[in-house]
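Have a look at the structure below, then the notes.
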Amino acid sequence: MSMPIRIELPTFFGMKAVNCFLFKEPVPTLIDCGEGTEPVWEAIQVGLKENGLVVEDLERVVITHAHVDHMGSAARIAESAAAKIWVSDLVYDWAIDLEKMWMQREKLIVGTIQRFIGKEKYDQLLPAFSSMAEMIKKAWPKIPESALHIFDHEGEIEMGGAAWQTLYMPGHSVNQSVFFNEKNGHLLSADMLLKITPTPVIDASVENPLEREKGIFRLMDSYARLKELPIQKVFPGHYACFTDAQEKIETQTNRILERKEICYELIKNGATHFMEIAKAMYPHNLHLPAVNMVVGYLDLLEAEERIFYGKENGKGVPILTK
């Protein structure tokens, strides 16, 4: 049984690096592959060379979820190595119809942000959002259908000479699966379990693509499921590997609940607009992941019927009312 070997890849997102994991034997396999950029391509080549391989040796790339920093280089690897790209049934549409799926996700993101901050504020952010969207699309080429192999998002995969359970773990992504080795307790956790709390990215519901998935609920459900597993070591999608999985789960779950209450206290004390709340909660780093988290806290409070939404002066700007 071979161990997953961590290879760090650069990313244009704020995490500084994204992990892919290499199984050298019996079938040279990568778990995830980073963005489709030259710096990532060079890092993949260096990482493989350090382990006695070249790109052409790869036979499989297994994708955990449909985000550019985890599957953007898949098309180039398939072309260079004739490798099969393994995607779950939930990721498949992202591989064969990327333009349609991205437009669907983009529409949900735009609609959600406009709902919470109003169109005028959104228009001010539009240039930055459009620039990021273009960068993502450029780094995420379509994968040839002939290169694809579909696996079940709840099943089993042989990797590194061992059987790994495929477990559906949405929250950060609606189509994310992780891989768990029952024999040694190793978890390839993608972006479900990191050293910091993963962000519930705004996305379309799997059941109804026209509706936004309230990812914070899925994230909490996935935490609860992970808590039942005898995890010994975590191989995450970002940052270093770690062994204190249960402690991380407990800490991150509690932090979400604590931050939800902070959000409620801000509303209770007079904050009504989304941006007012977001800036108070993230005074030094109000980026898109922070916006996603605030959306999640508000979703939890709305479900508890502790807040509801109204309109301000008939202008259609969303506000929060106790």
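The values are calculated or read from the model by the stated rules, or taken from the named source; none is laboratory data. These numbers come from a predicted model, not from an experiment. Cβ atoms come from the backbone with ideal geometry, glycine included; neighbour counts cover every protein chain shown. Ligands, DNA and RNA are stripped out before the accessible areas are found, and what is left, the full protein with its side chains, is counted by its heavy atoms. Shrake-Rupley method; radii C 1.70, N 1.55, O 1.52, S 1.80 Å.
Under a 5 Å amide H cut-off, with hydrogens placed 1.01 Å from N, W164 pairs with I157, E158, M159 among residues at least 5 apart or on other chains.
Take the solvent-accessible surface of the protein heavy atoms, probe 1.4 Å, and return the percent of it on region 191-322 that carbon and sulfur atoms account for. Please report the intermediate quantities before stating the final value.
Details: 3420 of 6480 Å².
Summing carbon and sulfur atoms, their accessible area is 53 percent of the total for region 191-322.
Across region 127-166, the residues whose backbone nitrogen lies under 19 Å from the label position 7 Å along the beta-carbon direction of F12 are 127-143. Looking only at region 150-189, which residues have a backbone nitrogen under 14 Å from a spot 7 Å from the Cα of Y239 in the C-beta direction? Those under the cut-off are 189. For region 243-258, putting each phi into the Karplus relation 6.51 cos²θ - 1.76 cosθ + 1.60 with θ = phi - 60° gives couplings of 10, 8, 4, 5, 5, 4, 4, 5, 5, 6, 4, 5, 5, 4, 5, 5 Hz, in residue order, rounded to whole numbers and with x for Gly and Pro.
What you get for the chain, charging only the Cβ of Lys and Arg (+1) and of Asp and Glu (-1), is a dipole of about 960 debye around the Cα centre.
Can you tally the net charge around V178? Count Lys and Arg as +1, Asp and Glu as -1, for every other residue whose Cβ sits under 12 Å from the Cβ of V178. Walk me through the numbers on the way to the answer.
Details: positive: R225; negative: D32, E154, D191.
With Lys, Arg at +1 and Asp, Glu at -1, the net is -2.
Think of a 1.4 Å ball rolled over the protein heavy atoms: the chain then has 46 Å² of accessible area per residue. Using the Karplus relation 6.51 cos²θ - 1.76 cosθ + 1.60 with θ = phi - 60°, the per-residue 3J(HN,Hα) values for region 279-291 come to 5, 5, 7, 10, x, 10, 7, 8, 10, 4, x, 5, 4 Hz, with x marking Gly and Pro.
Write down the Å³ per residue value for the convex hull defined by the alpha carbon atoms of region 109-238. Don't skip to the answer; put the middle values down first.
On the way: hull volume 19.1 nm³, N = 130.
Expressed per residue, the convex hull around the Cα atoms of region 109-238 is 147 Å³.
Taking a ≥ b ≥ c as the square roots of the eigenvalues of the Cα gyration tensor, the chain is prolate, since a/c reaches 1.5 or more and a/b is larger than b/c. Under a 5 Å amide H cut-off, with hydrogens placed 1.01 Å from N, F235 pairs with L187, L188, S189 among residues at least 5 apart or on other chains.
Kindly provide the helix-only [θ] at 222 nm of the chain, computed as the sum of -39,500 (n - 2.57) over DSSP H runs of four or more divided by all residues, to the nearest 500 deg cm²/dmol? Please list the in-between numbers first.
Numbers: 10 runs with 130 residues, N = 322.
For the chain, the value works out to -13000 deg cm²/dmol.
Relative to the Cα centre, the charge distribution of region 127-281, modelled as +1 at Lys and Arg Cβ and -1 at Asp and Glu Cβ, gives a dipole magnitude of about 500 debye.
Take every DSSP beta bridge whose two residues both sit in the chain, then give the antiparallel share in percent to the nearest 5.
Numbers: 27 of 41 bridges.
If we restrict to bridges inside the chain, about 65 percent are antiparallel.
Amide H to amide H, with H built 1.01 Å from N, T37 comes under 5 Å of no residue 5 or more places away or on another chain.
Give me the extension gain from E276 to K119: residue separation times 0.36 nm, minus the current Cα-Cα distance, reported in nm with one decimal.
Numbers: separation 157, 0.36 × 157 = 56.52 nm, distance 1.57 nm.
Residue separation times 0.36 nm, minus the Cα-Cα distance, leaves 54.9 nm.
Leaving out ligands, DNA and RNA, what percent of the accessible area of region 50-106 is carbon and sulfur, probe 1.4 Å? Write out the running numbers ahead of the final one.
Working: 1000 of 2150 Å².
Its accessible area is 47 percent carbon and sulfur atoms.
Both numbers refer to the Cα atoms of region 54-102; Rg and Dmax are 10.7, 33 Å. Of the GluC sites (Glu not before Pro) found in region 14-80, those in coil by DSSP whose Cβ has at most 15 other Cβ atoms within 10 Å are E50, E59. Over 29 Å apart at the Cα level, from the set K137/K233; K100/K121; K183/K248; K107/K248; K24/K183; K84/K183, are K137/K233; K107/K248.
Rounded to the nearest 0.05, what FRET efficiency do M132 and N184 have when you use their Cβ-Cβ distance and R0 = 41 Å? Each step should come with its number before you reach the end.
Numbers: r = 39 Å, r/R0 = 0.95.
Using R0 = 41 Å, I get an efficiency of 0.60.
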